[in-house]
1. In region 7-28, what residues are surrounded by 11 or more Cβ atoms within 10 Å (Cβ to Cβ) and either among the β-branched types (Val, Ile, Thr) or in a loop (DSSP other than H, G, I, E, B) (or both)?
2. One residue is enough: does region 75-82 have a residue meeting the conditions surrounded by 11 or more Cβ atoms within 10 Å (Cβ to Cβ), at pLDDT below 80 and not in a helix (DSSP H, G or I)?
3. Looking only at residues that are of a type in the set (A, V, I, L, M) and within 19 Å of the chain's Cα centre (by Cα) in region 18-41, which one is modelled with the highest pLDDT?
4. Contact list please: Cβ distance under 6 Å, first residue in region 58-73 and within 20 Å of residue 37 (Cα to Cα), second residue among the β-branched types (Val, Ile, Thr), pairs at least six apart or on different chains.
Amino acid sequence: MAGIKYDPVPHDHEAFLIKARKRKGFSEAYDNLEEEYLLLHEMLSARAKSGLTQEAVAERMGTTKSAVSRLESAGKHGPIYHYAQKVCTSGWL
């Protein structure tokens, strides 16, 4: 592996969206995610403001730190509303 150079692929998100929005159904599906991402942003902000670690949140939710980490990386894994329900019923928010 020595000698292999990392060469990231550039990504222009605005150009991607312009092209993708031409596809049938894309705009509606993309726009429908806005509420979920706003909710996740608010929950992450609340955790940061409270000073709680993922471990502390996990303990209060009755789950593991890795589960909280997965849930907080919503775009990659997340059932965001399920996470919101668990956070709200855990009493830390």
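The values are calculated or read from the model by the stated rules, or taken from the named source; none is laboratory data. A quick note: this is a predicted structure, and the numbers were derived from the prediction, not measured. Cβ: placed from backbone, ideal geometry, glycine included. Neighbour counts: every protein chain shown.
1. 21
2. Applying the first criterion (surrounded by 11 or more Cβ atoms within 10 Å (Cβ to Cβ)) to region 75-82 yields 77-81.
If we keep only those that are at pLDDT below 80 too, we end up with 77-81.
If we keep only those that are not in a helix (DSSP H, G or I) as well, we get 78-79.
Within region 75-82 (the criterion being surrounded by 11 or more Cβ atoms within 10 Å (Cβ to Cβ), at pLDDT below 80 and not in a helix (DSSP H, G or I)), the answer is yes, since at least one residue qualifies.
3. Of region 18-41, the ones of a type in the set (A, V, I, L, M) are 18, 20, 29, 33, 38-40.
After this cut, where a residue has to be within 19 Å of the chain's Cα centre (by Cα) as well, the list is 29, 33, 38-40.
Numbers: 29: 87, 33: 81, 38: 82, 39: 79, 40: 79.
So the residue we want is 29.
4. 68/57
Conditions (1) of a type in the set (Gly, Ala, Ser); (2) over 30 Å from residue 14 (Cα atoms); (3) assigned to a helix (DSSP H, G or I), marked per residue:
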{"position": "30", "(1), (2), (3)": "no, no, yes"}
{"position": "39", "(1), (2), (3)": "no, no, yes"}
{"position": "46", "(1), (2), (3)": "yes, no, yes"}
{"position": "52", "(1), (2), (3)": "no, yes, no"}
{"position": "57", "(1), (2), (3)": "no, yes, yes"}
{"position": "69", "(1), (2), (3)": "yes, no, yes"}
